[in-house]
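Enquirer: This structure is in structure tokens; I'll ask about it shortly.
Every read-out reported here was derived from the displayed coordinates using simple, explicitly stated rules and does not represent laboratory data. From a predicted model like this one, the values you see are computed outputs, not experimental measurements. Glycine gets a Cβ as well: all are built from the backbone with ideal geometry, and neighbour counts include every protein chain shown.
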Amino acid sequence: DTAVSQTPKYLVTQMGNDKSIKCEQNLGHDTMYWYKQDSKKFLKIMFSYNNKELIINETVPNRFSPKSPDKAHLNLHINSLELGDSAVYFCASSQVIPALVAGDTQYFGPGTRLTVL
Amino acid sequence: GNSVTQMEGPVTLSEEAFLTINCTYTATGYPSLFWYVQYPGEGLQLLLKATKADDKGSNKGFEATYRKETTSFHLEKGSVQVSDSAVYFCALSDRADRGSTLGRLYFGRGTQLTVWP
């Protein structure tokens, strides 16, 4: 039983195309995230949603549009793909409680390797 | 602001050698600290965590102690194995974060560890 799943695992496409990556979590968490990992393994947060509401929106081109149809899903749609979008994209989830007394462990999906040609 | 600095790799060791990967942090509030591990071709997995000063996180022979006085969370293992070869990420979550930073993880740049037999 996969906790955080992503599809597809690999995505190869041409510049200018539009593509989507799907993410689902079955942990009952209320917060989900998208991260981008570049070729040097650096992880950068892109977005987070808490109960379907956008919380974090880093400096990401507006070609990237997250959509959260419900708490268990957070999809990433990318328009007009560019060469620089090639990376591994990770989805993650956690349970965030403002008065938290323990650390927010985030659970990561296996990643989607996007290659733009 | 919040940030994490970890030693740059790559780190190459022989099997059964002692491992230390240094990690220091800057935080505005009360951080929880994490080590995540990424095995080749996989997503990130939580390795260990500590939620308050002087706590020690441990898992699979790895240990790290939350040192508030030196703002550090160094990862150690007494005897590494070939199967420990992976990228290790230090991260923090600041419980004082609210609003647009709620639940956010701040990652270091990752340290590649290679263990030879």
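Enquirer: Would you please give the residues with an amide H less than 5 Å from that of residue B:17, counting only those at least 5 places away or on a separate chain, with H modeled from the backbone geometry?
Expert: Amide H neighbours of residue B:17: B:80.
Enquirer: Which translational diffusion coefficient, to the nearest whole µm²/s, is obtained for segment A:22-71 from the Stokes-Einstein equation, given a Kirkwood hydrodynamic radius over C-alpha pairs, 4 °C and 1.567 mPa s?
Expert: On the way: Rh = 11.8 Å.
The Stokes-Einstein estimate is 110 µm²/s.
Enquirer: Across the protein assembly as shown, how large is the tail of the calculated P(r) beyond 31 Å, expressed as a percent of all Cα pairs? Don't skip to the end; give the middle numbers.
Expert: Working: 5969 of 27261 pairs.
For the protein assembly as shown, the fraction of Cα-Cα distances above 31 Å is 22 percent.
Enquirer: Let me ask another. Viscosity 1.567 mPa s, temperature 4 °C: give me the Stokes-Einstein translational D for chain B in µm²/s, with Rh taken as the Kirkwood radius over C-alpha pairs. List each step's numbers first, then the result.
Expert: Working: Rh = 14.3 Å.
The diffusion coefficient I find is 90 µm²/s.
Enquirer: For residue B:68, give me every one of the lysines with a C-alpha distance below 23 angstrom, ignoring sequence neighbours fewer than eight places off in its own chain.
Expert: Excluding near neighbours in sequence, the set is B:49, B:52, B:56, B:77.
Enquirer: Using each residue's phi in segment B:2-11, evaluate 6.51 cos²θ - 1.76 cosθ + 1.60 at θ = phi - 60° and report the 3J(HN,Hα) Karplus result to the nearest Hz, with x for Gly and Pro.
Expert: Calculated HN-Hα couplings, in order: 9, 7, 10, 10, 10, 4, 7, x, x, 10 Hz.
Enquirer: Further, regarding this structure: What's the tally of Lys pairs in segment A:1-71 whose alpha-carbon atoms lie under 23 angstrom apart, where the two lysines are 8 or more places apart or on different chains?
Expert: 29
Enquirer: Let me have the relative contact order for chain A, percent, based on Cα pairs under 8 Å that are six or more residues apart. Show your work: numbers first, answer last.
Expert: Details: 284 pairs, mean separation 42.3, N = 117.
That works out to 36 percent.
Enquirer: For labels at residue B:13 and residue A:12 in the simple 7 Å Cα→Cβ model, what's the distance in nm?
Expert: It is 3.7 nm.
Enquirer: Here's another thing I want to ask about it. Please provide three numbers in whole Å: the alpha-carbon extents of chain A along the principal axes, with the largest listed first.
Expert: 45, 30, 29
Enquirer: So for chain A: antiparallel DSSP bridges make up what percent, rounded to the nearest 5?
Expert: Antiparallel: roughly 90 percent of the beta bridges in chain A.
Enquirer: Taking the Cβ of residue A:42 as the centre, find all other residues whose Cβ is under 12 Å away and add up their charges (Lys, Arg: +1; Asp, Glu: -1). Don't skip to the end; give the middle numbers.
Expert: Working: positive: A:36, A:40, A:41, A:44, B:109; negative: A:38, B:8.
Taking every other residue near residue A:42 into account, the sum is +3.
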